[in-house]
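Asks: One structure is given below, represented as structure tokens, and several questions about it will come after.
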Protein chains: 2
Amino acid sequence: MSKELPQEWKRILDRLPQVIETSHGTGGKMTHELIETLFVPLFRNPTLATLQDQAVVDTPAAGRLALSTDSFVVQPFRFPGGNIGDLAVHGTVNDLLMGGATPLYLTVAFVLMEGMALKDLVEVTQSMANAAKKAKVQIVTGDTKVVEGRSEDGLFLTTTGLGVVPPWVDWRPECILPGDAVILSGTVGDHGASVMASRYEMEFETQIQSDTACLREVVMAVRDLQGIHCMRDPTRGGLATTLAELSAASGLCLKVRERDIPIREDVRGLCEVLGLDPLYVANEGKLVAVVAPEVADEVVRRMRQTAVGREARVIGEVDATLLGEACLVTELGAQRVLDLLAVEQLPRIC
Amino acid sequence: MSKELPQEWKRILDRLPQVIETSHGTGGKMTHELIETLFVPLFRNPTLATLQDQAVVDTPAAGRLALSTDSFVVQPFRFPGGNIGDLAVHGTVNDLLMGGATPLYLTVAFVLMEGMALKDLVEVTQSMANAAKKAKVQIVTGDTKVVEGRSEDGLFLTTTGLGVVPPWVDWRPECILPGDAVILSGTVGDHGASVMASRYEMEFETQIQSDTACLREVVMAVRDLQGIHCMRDPTRGGLATTLAELSAASGLCLKVRERDIPIREDVRGLCEVLGLDPLYVANEGKLVAVVAPEVADEVVRRMRQTAVGREARVIGEVDATLLGEACLVTELGAQRVLDLLAVEQLPRIC
């Protein structure tokens, strides 16, 4: 990481205490120094730089507003493929995108643990700044609090996003119709498996990378098409929980084929070792799209032209055989109802 | 508290586990049950009820958008006069109001401690719902996470607010002019003193109440007046830190008179016992307004007609004697520079 901006990191590390203290969270001099030395330079944008308690931005010319919020408490906060910082940007930006919104602005609230190493906070902040830049959103306002007594947690982040939904876009589970195609943008289980592997310091032949990524490019590649009915990113609870939620909300049956759902070999192996079902393991850079059948091939074709959607494929269809329940057609041809995640498999995965 | 909605509380408590478990935070069945049984009924509004990962709302007709976010980690989470729930609503709504915005929507992210009593969560949620109703904002989307290992903390909340700033309003420190009047809406130090007293279970003759309150009414009473240059609510760091911030940002000197700053006798007493300066103790329902001298009397008159502004008064003026520094004229006539809060007095006060 230090290769990216060594000069800027050095400047920050030289000017601030090397560990987070409670005084960093009391709104006084040390809070100001943290904001002005670390957050403003790395998140750099004119709105944040005003340092007001609120950010004032222009109202988009047309469309409805989309708002989304998520807290991130992942442990450990750093894992192969990312850390809590890019996760917090991607998670909220992706939730806006799933509603068809163009993400515009983010807010971020830090709850820092007393004793956290400053260099870890700089690393997380840098990751957020990089992710925000790539996602084309500005981090326009924020907050910093410090709590004592659990320095091993590092930090919790809460991001809230504001976006604008174009007038022609209306993606909701209620728009799903019988006959629709169910499209998945790539492999499942990568994020959860990566965090589990790093939590238990498990050794595998290959290191499992989290799929944490911004879905902006893959959504924008298809947003102008007619016939997209609903999108959702299968994060906590995994693909199965998302399919169950969409089935319940639409009153239809999202029926998918096990053999068409891509799972990396190392993810499958780890899940077998831990006794987990990869369909219930979290993803952080994948989406499910439910689209009219006549547009399915074009959606897949366009998604495959993007970096995060290059393994996109149709994994099933919507029918009315089971009202409000999702269904998996197994490799052997049996049908299995997919319910919401019932017993917790992986706490603090995001 | 249980008098307010006993039937609804009973219904909630009957249907859910009596303590928070990690499965409430994993996005599966128990998270859904918590949202559908507790949050949706108490926060009731059609946008939240769609249960999407993002809330889509209409764009305001005119004006710029204001965004604000704050995390709340106050300990204990319940104190005389309020709890973390109304504090989290008031805190973010007030930050929007200080920018001249009409608050419209809130998001809320819960980080719950495993083992938290459900009835405490219901109480906090009810307080949020009541505060939101009174502040005329809708809680349109949210998130729930659970972390293990510090059940004594109860919960952390992060609220983010969206509001609209009318075209004619532009309140910023940069708009402050020499000769402006500095107005304070009421007594200082109440919130911080209340939390400290309940943290140490200190016995005083009177119980010190937090001033946690929504500033909507007092702001709306004056917002149509010309000549309001800046407002800010003196929360963490207290009145002195706010005056120092506004002086630094305006490049002028906000000079206030100690004898004109109202402090409750019990708050003053507690601060003496603890060795705290009440000017640096947090408030959660007060504001500082910097206004043109010709409109000061009318601002005070209107503020005094509201419940939270009934002790409003002019406490000083803006001059150019000390560039960028705030100044207190003491009871004895000496002048003392007011700096930002330097050493932490009261951690986890909000």
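The values are calculated or read from the model by the stated rules, or taken from the named source; none is laboratory data. Since the model is a prediction, treat every value here as computed from it, not as a measurement. Neighbour counts are summed over all protein chains in view; Cβ atoms, including those assigned to glycine, are modelled from backbone coordinates with ideal geometry. Ligands, DNA and RNA are stripped out before the accessible areas are found, and what is left, the full protein with its side chains, is counted by its heavy atoms. Shrake-Rupley method; radii C 1.70, N 1.55, O 1.52, S 1.80 Å.
Asks: For B:Gln7, go 7 angstrom from Cα along the Cα-to-Cβ vector, then report the distances to that same point in the other copies in nm, smallest first.
Replies: Copy-to-copy label distances at B:Gln7, shortest first: 6.9 nm.
Asks: Please compute the modelled spin-label separation between A:Ala334 and B:Arg44, points set 7 Å along Cα→Cβ, answer in nm with one decimal.
Replies: It is 4.5 nm.
Asks: Tell me the Kirkwood radius of chain A: reciprocal of the mean inverse pair distance over distinct alpha-carbon atoms, in Å.
Replies: One decimal place: 21.1 Å for the Kirkwood radius.
Asks: What FRET efficiency comes out for B:Met220 versus A:Glu265 if R0 is 51 angstrom and r is the Cβ-Cβ distance? Round to the nearest 0.05.
Replies: Efficiency at R0 = 51 Å is approximately 0.25.
Asks: Let me ask something else about it. Quick one: among B:Thr235, B:Thr22, B:Thr102, which has the greatest mean-square fluctuation in a GNM of chain B with alpha-carbon springs under 10 angstrom?
Replies: Of the options given, B:Thr22 has the highest mean-square fluctuation.
Asks: Residues of the range B:141-170 that become at least 30 Å² less accessible with every protein chain present than in their own chain isolated, using 1.4 Å: which are they?
Replies: B:Asp143, B:Lys145, B:Val147, B:Glu148, B:Arg150, B:Phe156, B:Thr158, B:Thr160, B:Leu162
Asks: With helices defined as uninterrupted DSSP H runs, which ones in chain B have an alpha carbon span along their own long axis of at least 15 Å and mean Kyte-Doolittle hydropathy of at least -1.0?
Replies: Correct list, ordered by number: B:84-98, B:118-135, B:238-250, B:293-304.
Asks: Given a 1.4 Å probe and no ligands, DNA or RNA in the count, how much accessible surface is buried by A and B, both sides, to the nearest 100 Å²?
Replies: Working: alone 15610 and 15610 Å², together 25410 Å².
That pair hides around 5800 Å² of surface in total.
Asks: Continuing with this model, one more query. Just the number please: accessible area per residue for the range B:54-164, 1.4 Å probe, all protein chains included, in Å².
Replies: 23
Asks: A further question follows. If you average the alpha carbon positions of the range B:277-331 and of the range B:153-206, how far apart do those two centres end up, in angstrom?
Replies: Using only Cα atoms, the two centres lie 13 Å from each other.
Asks: Tell me, how many Å apart are the Cα centres for the range A:53-88 and for the range B:69-135?
Replies: Between the Cα centre of the range A:53-88 and that of the range B:69-135, the gap is 20 Å.
Asks: If you don't mind, another one. If I model a spin label as a point 7 Å beyond the Cα along the Cα-Cβ vector, how far apart are those points for A:Ala320 and A:Ala117 in nm?
Replies: The modelled label-to-label distance comes out at 6.0 nm.
Asks: Then there's this: Could you compute how fast the protein assembly as shown diffuses translationally, taking Rh as the Kirkwood radius over C-alpha pairs and applying Stokes-Einstein at 4 °C with viscosity 1.567 mPa s? Give it in µm² per second.
Replies: It diffuses with D of about 50 µm²/s by this estimate.
Asks: Continuing with this model, one more query. In percent, what relative contact order does chain B have, based on Cα pairs under 8 Å that are 6 or more apart in sequence?
Replies: With pairs under 8 Å counted, the relative contact order is 21 percent.
Asks: Hey, can you grab everything whose amide H is under 5 Å from the amide H of A:Cys327? Only 5+ residues off in sequence or another chain; H modelled, so Pro and N-termini drop out.
Replies: Correct list: A:Leu254, A:Lys255, A:Val256, A:Leu338.
Asks: Using a Förster distance of 45 Å, how high is the FRET efficiency between A:Gln7 and B:Asp14, based on the Cβ-Cβ distance and rounded to 0.05?
Replies: Using R0 = 45 Å, I get an efficiency of 0.15.
Asks: Here's something else I'd like to know. Taking a point 7 Å out from Cα toward Cβ as the label site, list the nm distances between A:Thr330 and the same residue in every other copy, smallest first.
Replies: 8.2
Asks: While we're here: Under 10 Å, Cα contacts only: if you run a Gaussian network model on chain B, which one of B:Ala88, B:Ala49, B:Ala282 comes out with the highest mean-square fluctuation?
Replies: B:Ala49
Asks: If you don't mind, there's one more thing I want to ask. Round to a whole number: what % of the accessible area of the protein assembly as shown belongs to carbon and sulfur, probe 1.4 Å?
Replies: 51
Asks: Can you give the accessible area per residue of the range B:221-306, in Å², using a 1.4 Å probe? Numbers along the way, then the final one.
Replies: On the way: 2930 Å² over 86 residues.
It amounts to 34 Å² per residue over the range B:221-306.
Asks: Straight-line reach only, C-alpha to C-alpha below 12 angstrom: list the aspartates and glutamates that B:Lys133 could link to, leaving out same-chain residues fewer than 8 apart.
Replies: B:Asp86
Asks: Got a sec to turn the phi values of the range A:19-33 into Karplus ³J(HN,Hα) couplings, 6.51 cos²θ - 1.76 cosθ + 1.60 with θ = phi - 60°, whole Hz, x for Gly and Pro?
Replies: Running phi through 6.51 cos²θ - 1.76 cosθ + 1.60 with θ = phi - 60° gives 10, 6, 10, 4, 5, 5, x, 9, x, x, 4, 6, 5, 4, 5 Hz.
Asks: Here is a further query. Nearest 0.05, what FRET efficiency do B:Arg199 and B:Lys134 give at R0 = 45 Å with Cβ-Cβ as r? All intermediate terms of the calculation are to be shown ahead of the outcome.
Replies: Details: r = 27 Å, r/R0 = 0.59.
Calculated value: 0.95.
Asks: Now a separate question. Of B:Glu174, B:Glu265, B:Glu21, which is the most mobile in a GNM of chain B whose springs link Cα atoms less than 10 angstrom apart?
Replies: Judging by the Gaussian network model, the answer is B:Glu265.
Asks: Can I ask one more? Taking B:Arg259 in one copy and the same position in all the others, each labelled 7 Å out along Cα→Cβ, what are the pairwise distances from the first, in nm, shortest first?
Replies: 9.2
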